[in-house]
Amino acid sequence: MSINYNDTKLAGVHARSLSDKEGFWGEQAQHIDWFEQPKQVLDFSNPPFARWYVGGSTNLCHNAVDRHLKDRANQKALVYISTETNEEKVYSYAELHQEVQRMAAIMQSLGVKRGDRVLVYMPMIAEAIFAILACARIGAIHSVVFGGFAAPSLAARIDDATPVLMISSDAGMRNGKEVPYKHLVDEACSLAAKPPKHVLLVNRGLAKMDLVAGRDVDYAQARAQNMNAQVPCEKMQATDPSYILYTSGTTGKPKGVQRDTGGYAVALAASMKHIYDCKPGEVFFCTSDIGWVVGHSYIIYGPLINGSTTIVYEGLPLRPDPAIWWSIVERYQVSTMFSSPTAARVLKKQDPAYMTQHNTKCLRRLFLAGEPLDEPTAKWISEALGGARIIDNYWQTETGWPILSAQHGLEVTETKFGSPSFPVYGYDIRLVHESTFEEVGANEKGMLCAMPPLPPGCLQTVWGDDERFVKTYFSAVPGQHLYSTFDYATRDDDGYYFILGRTDDVINVAGHRLGTREIEEAIQAHKNVAEVAVVGVADTLKGQMPMAFAVLKDASVAATPEGAKAEEKAIMATVDHEIGAIARPSRVHFVTLLPKTRSGKLLRRAMQALAEGRDPGDMTTLEDPSALEQIKKALGA
Ligand code: ATP
Ligand code: MG
């Protein structure tokens, strides 16, 4: 049975969200607490800049913590689980309230004021969440930098945000090993043009830490002096910036996204209801990291604003064994989970028996975002979990919450594997042809764009650079302020969207334009392929040729040159069969690891550069350098 989007209730909600923005977003604003109600829902007098809830005052920390004290003081707010240090700690809303006030008092004692920036460079520990919420509480702008970024990347982010305080820790842990942070903090401070005046350090007792006199402050000591601290929430204007966050750097140098306060709070509150369909009191488990937008929105702010319980997990999906996530789901009765296709593909390489060791009946839905979710992987994980509902949702650091998704809190609609379903209310989606800029028809490829104003919660600007904001995001279509996502998509006859990949990931083979994702999806259909990346490589004859780098489930098959040749042939035949010979890769190289950003995204531009003998460019967000070495080796470079 197939449904058509036009016949759904969602289509009506979506239409109203655009035709009656004031009415729609005025209603959504009632899901949060305001100190003063907004005077104007939207000010769009200076396009493409949108100002939401002008004149309203509120506070993210008040909405995430204080307002729940009345009804849920003793409910679990935050469950911290580390399979790295074998710790597990539960904080009720009352306890979270107390810890955040302690942190806020420490920050104030170190001179942090409203509007100041605070850089948070921390592992996945509860104190990181206290720090972020404390910033929101006193009106400081947080800039979270993913833990473990090297010193030069950290220094660059220090210089961009010029924080007065940095909050860090002695070390993170990964796969049972310490990842020391403190020497990176010191190095970054000496590299930065304007280092922070103070560094607050949480000592986990994992790595040696020498404190710099006059600059460094020990958190435990400072906390002990602030046990009974009471720090009220600052009344922030809805349009005041709440944070800066950098994009993943998949396509180049990361951009510093600036987010507002009121619009973000409303957008998240609404998304928890309408998209994630998670109720107050239920348990939300998001496996991302606080260093990424998914962590900001759905480890911290979204679930807490909603009065749910959030799980903060430090560890890998495979340790102590590949059943760890499902054991957490069972133990804490998780109703809603959020992870990434990359993680799903990691699990796909394991024995499927791990997926069913635990009773995961409580898990209503598993949301996946961040990269294209290919149909074979989506099907696999859905079946492996005994039919749990898998929901693909598409969004960006820039938007802060989904652009395309099913919205089961509004209406349960049938999902299609490989599709993030429909436009989310508030986004005026336009699929435009890349050269004529006309809107494309059903099943035609277009650039996924949105007509501004972007809805509440989306980026206000690029931090410190309004010009870059307009130039980067609103200049893809000449003479028009149309927001571009830089992703290609199609819409099928039923109104379902499919993301085809990034606009710079298209391969032009003898005049035929092929999406890397299409070819990757075809290769995924080969049963021994766990993961694959396809890039376009310059070819004198054809313009470009696809080249594939694949990770096999059973690598022994390709252990000998003959075996590898046979497997390569089999994969090429799969592509011939799935798409046609035109898409057949010139080569399929086998590796055990693909180069990815630290947020788990394939760095196709790096593979492409190496395959063409060029310099791979900005590699500061690369997760594991040995992956690039493997690519070089495979290429014989
Ligand atoms: P940069 O902008 O610095 O190059 P990035 O785009 O990877 O890095 P993010 O904001 O973390 O930074 O990622 C957003 C991008 O991730 C989207 O533009 C899209 O390309 C991809 N993406 C996210 N969710 C999905 C999804 N469900 N399906 C397909 N692609 C997705
Ligand atoms: Mg991007």
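Each value in this text was obtained by applying a stated rule to the coordinates, not by laboratory testing. Values in this document were obtained by computation on a predicted structure and should not be read as measured data. Heads up, the Cβs are rebuilt from the backbone with ideal geometry, glycines too, and the neighbour counts pull from every protein chain shown.
Worth a mention:
- Relative contact order [Cα under 8 Å, 6+ residues apart], segment 345-443, whole percent: 21
- Our summary gives segment 212-355 a relative contact order of 18 percent, counting only alpha carbon pairs under 8 angstrom and 6 or more residues apart.
- Fraction of beta bridges assigned by DSSP in the chain that are antiparallel (%, nearest 5): 60
- All-pairs Cα distance distribution in the chain, expressed in whole percent, bin size 10 Å: 3, 16, 27, 28, 18, 6, 1, 0
- Each peptide in 377-388, 437-448, 483-494 was scored by the mean count of other Cβ atoms within 10 Å over its residues; highest first, the order is 483-494, 377-388, 437-448.
- Look at the alpha carbon pairs under 8 Å that are at least 6 residues apart: their mean separation over the length of the chain gives a relative contact order of 12 percent.
- If you sort the three axes of the alpha carbon gyration tensor as a ≥ b ≥ c, you get a/c of 1.5 or more for segment 101-232 and a/b no higher than b/c, which makes it oblate.
- Those residues of segment 415-430 whose amide nitrogen sits under 19 Å from the label point placed on Asn443, 7 Å along Cα→Cβ: 416-421
- Counting charges near Cys458 (Lys, Arg +1; Asp, Glu -1) among other residues having Cβ under 10 Å from its Cβ returns a value of -1.
- Residues Asn528 and Glu434, FRET efficiency given R0 of 30 Å [Cβ-Cβ distance, rounded to 0.05]: 0.30
- Neighbours of Val575, meaning other residues whose beta-carbon lies under 15 angstrom from its beta-carbon, give a summed charge of -3 when Lys and Arg score +1 and Asp and Glu score -1.
- Calculated [θ] (222 nm, deg cm²/dmol) that DSSP helices of n ≥ 4 give over the chain, each run adding -39,500 (n - 2.57): -8500 deg cm²/dmol
- P(r) histogram, all alpha-carbon pairs of segment 306-429 included - 5 Å bins from 0, percent: 2, 10, 20, 24, 21, 14, 7, 2, 0
- Of interest is the spacing of the C-alpha centroids, which for segment 275-328 and segment 448-510 amounts to 28 Å.
- Three-way shape call for segment 69-108 based on the alpha-carbon gyration tensor, with the a/c threshold at 1.5: oblate
- The share of alpha-carbon pairs in segment 540-626 lying farther apart than 18 Å comes to 53%.
- The peptide list 349-358, 287-296, put in order of mean Cβ contacts within 10 Å with the highest first, becomes 287-296, 349-358.
- Helix 151-161 vs. the chain, principal-axis angle (Cα, 0 to 90°, nearest 10): 60
- Prolate/oblate/rounded call for segment 238-310, Cα gyration tensor, a/c under 1.5 rounded: oblate
- Distance distribution note for segment 1-159: the fraction of Cα pairs above 25 angstrom is 52%.
- Sequence ranges 6-13, 275-282, 326-333, ranked by mean other-Cβ count within 10 angstrom, highest first: 275-282, 326-333, 6-13
- Inverse of mean 1/r across different Cα pairs in segment 256-378, Kirkwood, Å: 15.1
- Potential extension, Val179-Ala570 segment - 0.36 nm per residue separation minus Cα distance: 136.7 nm
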